[in-house]
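Read the structure below first, then the notes.
The values are calculated or read from the model by the stated rules, or taken from the named source; none is laboratory data. Everything quoted here is computed from the prediction, not taken from an experiment. Glycine gets a Cβ as well: all are built from the backbone with ideal geometry, and neighbour counts include every protein chain shown. Accessible surface is based on the protein model in full, side chains and every heavy atom, while ligands, DNA and RNA are left aside. Shrake-Rupley method; radii C 1.70, N 1.55, O 1.52, S 1.80 Å.
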Amino acid sequence: MRDIDQFTITQAVKDTFRTEKGSRFEQLLHGLIDHLHDYTRENRLTHEEWMRVLTFLYDCGRISTPERHEFILLSDVLGFSALVDMINSRDGATEGSNLGPFYVDDAPRMPLGADLAAGRAGVCVLVRGKVSDTRHRPLAGAIVDTWQADAAGTYPIQEQGQDKMDLRGVFETDDKGEFWYTTVLPRPYTVPYDGPVGALLRAGDRHAWRPAHLHFILRAPGMSSITTEVFFENMEYLDEDAVFGVRSSLIARVRPVREGEDPGVTTRRAPEAVVEVDFVLAPAD
Ligand code: BEZ
Ligand code: FE
């Protein structure tokens, strides 16, 4: 071990871990060491540069709280979260997209046709869709968990004094695999940029905006769950999402309701526009 040099050190470090031969843990750990060592050698990192990296990671840890997830944000703006979504999207199923930091796992169950907006200002939109399997069979009883920002681009959970359960709800599809509710059309918003990740964005002359979107988690027995987002045609930032979440297949049209049109479903509030969103789940492995 004492005769190692800048090339043999990589294998020496890997050898010190007594990992199970051929295990997933070994593969991931060795791969990480290989890539980090290669990166360090290729760029001939200086002490100052390496210390800046470590200070940056320390700052990410220091600002993190149960509500503020700076490392997830770092993963998001560097495209790692999107890459993991892409790798894990299943053929023929709806593409995955960012979970983001504003999900809560105990959102209220809502009846079909409910209004998520609870009197908030904004364009009232009917969101309606269908959940099917990859053979186009409707999935009755599928769970549609949704959350979103308001018409000013703010998540109620971010605001002091607001009900953190506003603009979120859990629906169950009917026997045709369909669901529908009304809400307000959200606006674009910025990911948090008052911390080290924001400094990184500024250093690279990048903005922090995300296009307006709705978040969804879809679940059904025997099927692979999907975490995804729905974006809106012709809205700002579709081609420059700060966290790389947009895919063409996830962009929906916002269609104004025509005068005297019967939307065909019962809602608590009369919508001004309709967004149709269909989801496809693949069987669980
Ligand atoms: C969001 O969509 O809610 C989000 C995603 C990534 C970072 C911050 C927010
Ligand atoms: Fe979001």
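In table form, for the structure just shown:
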item: log10 of Debye I(q)/I(0), alpha-carbon scatterers only, for the chain at 0.07 Å⁻¹; result: -0.34
item: Mean Cβ count within 10 Å, highest first, over the residues of peptides 255-264, 25-34; result: 25-34, 255-264
item: Translational D in µm²/s for segment 184-226 (Stokes-Einstein at 10 °C, 1.306 mPa s, Kirkwood Rh from C-alpha pairs); result: 122 µm²/s
item: Å² of accessible area per residue within the chain, as computed with a 1.4 Å probe and no ligands counted; result: 58 Å²
item: Amide proton proximity set for VAL254, modelled H, under 5 Å, gap of 5+; result: GLU233
item: Alpha-carbon centroid distance for the pair segment 109-171 / segment 31-99, whole angstrom; result: 30 Å
item: Segment 1-106 - Debye-derived log10 I(q)/I(0), Cα point model, q = 0.11, 0.14, 0.18 Å⁻¹; result: -0.57, -0.88, -1.17
item: Note, ³J(HN,Hα) from phi for segment 122-137, Karplus 6.51, -1.76, 1.60, rounded to Hz, x at Gly and Pro; result: x, 6, 7, 10, 8, 9, 9, x, 9, 10, 10, 9, 5, 9, 6, 8
item: Volume per residue of the C-alpha convex hull in segment 163-285, rounded to whole Å³; result: 160 Å³
item: Protein accessible area in the chain, 1.4 Å probe - carbon and sulfur %; result: 53 percent
item: Sparse-neighbour loop sites [trypsin sites (Lys or Arg not before Pro); segment 2-60; at most 10 other C-beta within 10 Å; DSSP]; result: ARG2, ARG18, LYS21, ARG44
item: Calculated over segment 9-66: convex hull of Cα atoms, volume per residue (Å³); result: 117 Å³
